[in-house]
Amino acid sequence: MIHADLSRVVVTGASRGLGAALARALVERGYRVFLASRNESELRQRAETIERDFNTSLGWSRADLRNVAECRALVATAEAFLGRIDVLINNAGVGWYKPFMDWSDGEILELLALNLAAPMLLAHAVLPGMLARGRGYIVNVASDLARRPLANMAPYVGSKFGLLGFGTSLHREVRDRGVRLTTVMPGVIDSAFNGALESTKDPRWALAPSALATRIVDLLALPYNEVIDELTIHPAGGDY
């Protein structure tokens, strides 16, 4: 069931992996959707495929969320297409698995800009409308590593710790004004993270993007008097 006033959704990082699965799951359930990604060609192809498969129209825009101005521009473009933004799913992110001293300064700053600063900036841009209407939902896709530190991923783990802290604090600030926020903390996903090939991992220890997308979209149908502020999902055979 779709709440009429939570029917218009923005998804970042939507050209592949979990973001692409979220786009399909949302459209399949009747949501109006606007997609964003840095990879314009992949995003266009993804949007056209979904439009063809579901006989619908999507909004989409290339956006480099490491850039403050492009974060603001994305929200303005999405609002122009959707009319309003009811739901923001901060899914875009990047990460590498390697010893801390092998990270370059640029990689650290890029990761923090995309994984932590961009969700804050996008939330900052969409919240005025949500608060004015007294309804809204922000979903931040973090990682189970926000609760479980892992060696050789220090910047990534730090960004996900930060995203969890940001979301937990913001939720307590806006929940009494009708806006809910959930931090989703999945285990390993069968995606292209760290240069891997999608759809190549053993399902016993990696989550299928489509299955995880279903769980996230389910959040949007919760009654207004309920909230799941943290959602942790592990593959049954994973390390947790």
Could you run through segment 177-189 and say how many residues are modelled with pLDDT of 95 or more and either among the aliphatic types (A, V, I, L, M) or assigned to a loop (DSSP other than H, G, I, E, B) (or both)?
-> 5
Take the residues of segment 51-98 that are acidic (Asp, Glu) and either farther than 19 Å from VAL27 by Cα or under 15 Å from the mean Cα position of the chain (by Cα) (or both): which is surrounded by the fewest Cβ atoms within 10 Å (Cβ to Cβ)?
-> ASP64
Return a yes/no flag: does segment 209-222 have any residue that is over 15 Å from the mean Cα position of the chain (by Cα) and exposed (fewer than 13 other Cβ atoms within 10 Å of the Cβ).
-> yes
What number of residues within segment 70-99 are closer than 22 Å to GLY165 by Cα and in contact (Cβ under 8 Å) with a residue 40 or more places away in the chain?
-> 10
Which pairs have Cβ atoms under 9 Å, sit 6 or more apart or on different chains, and link a residue in segment 217-229 that is within 18 Å of ARG32 (Cα to Cα) to one that is loosely packed, with under 11 Cβ neighbours inside 10 Å and of a type outside the set (D, E, K, R)?
-> ALA221/MET1
Residue match in segment 29-37 (condition: more than 14 Å from ASN90 (Cβ to Cβ) and of a type in the set (S, T, N, Q)) | no
Go through (1) at pLDDT 95 or above; (2) closer than 23 Å to ALA208 by Cβ; (3) out of contact with any strand residue (DSSP E or B) (no Cβ under 6 Å at 6 or more places or on another chain) and name the single condition ARG16 misses.
-> (1)
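Yes or no, residue by residue, for (1) of a type in the set (Phe, Trp, Tyr); (2) modelled with pLDDT of 95 or more; (3) assigned to a helix (DSSP H, G or I):
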{"site": "ALA151", "(1), (2), (3)": "no, yes, no"}
{"site": "ARG175", "(1), (2), (3)": "no, yes, yes"}
{"site": "SER191", "(1), (2), (3)": "no, no, no"}
{"site": "THR200", "(1), (2), (3)": "no, no, no"}
{"site": "LEU212", "(1), (2), (3)": "no, yes, yes"}
Give the residue, chosen from LEU111, LEU127, that is at pLDDT 95 or above, surrounded by fewer than 22 Cβ atoms within 10 Å (Cβ to Cβ) and under 22 Å from ALA80 (Cβ atoms).
-> LEU127
Identity of the residue in segment 1-14, buried (at least 24 other Cβ atoms within 10 Å of the Cβ) and assigned to a loop (DSSP other than H, G, I, E, B), that ends up farthest from the chain's Cα centre (by Cα) | ALA14
Would you please list the contacts, defined by Cβ atoms under 6 Å and residues six or more apart or on different chains, that run from a residue in segment 127-149 that is in contact (Cβ under 8 Å) with a residue 40 or more places away in the chain to a residue that is among the small types (Gly, Ala, Ser) and part of a loop (DSSP other than H, G, I, E, B)?
-> GLY134/GLY178; ARG135/GLY178; ASP144/GLY187
When you scan segment 15-24, how many residues do you find that are small (Gly, Ala, Ser) and part of a loop (DSSP other than H, G, I, E, B)?
-> 1
Quickly run through segment 25-49 and pick out the residues that are part of a helix (DSSP H, G or I), in contact with a Lys or Arg (Cβ under 9 Å, 6 or more places away or on another chain) and buried (at least 20 other Cβ atoms within 10 Å of the Cβ).
-> LEU26, LEU43, ARG46
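Do the conditions hold for THR168, that is, is it polar (S, T, N, Q), outside any helix (DSSP H, G or I) and at negative phi?
Details: polar (S, T, N, Q): yes; outside any helix (DSSP H, G or I): no; at negative phi: yes.
For THR168, the condition - polar (S, T, N, Q), outside any helix (DSSP H, G or I) and at negative phi - is not met.
Matching residues to (1) over 27 Å from ASP105 (Cα atoms); (2) basic (Lys, Arg); (3) touching a Phe, Trp or Tyr at 6+ places or on another chain (Cβ under 9 Å):
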position	(1), (2), (3)
TYR156	no, no, yes
LYS160	no, yes, no
LEU163	no, no, no
GLY178	yes, no, yes
THR182	yes, no, yes
ALA206	yes, no, no
PRO209	yes, no, no
VAL227	yes, no, no
ALA236	yes, no, yes
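The values are calculated or read from the model by the stated rules, or taken from the named source; none is laboratory data. What you see is a predicted model; the values in this text were computed from it and never measured. We place every Cβ from the backbone using ideal geometry, glycine too, and count neighbours over all the protein chains shown.
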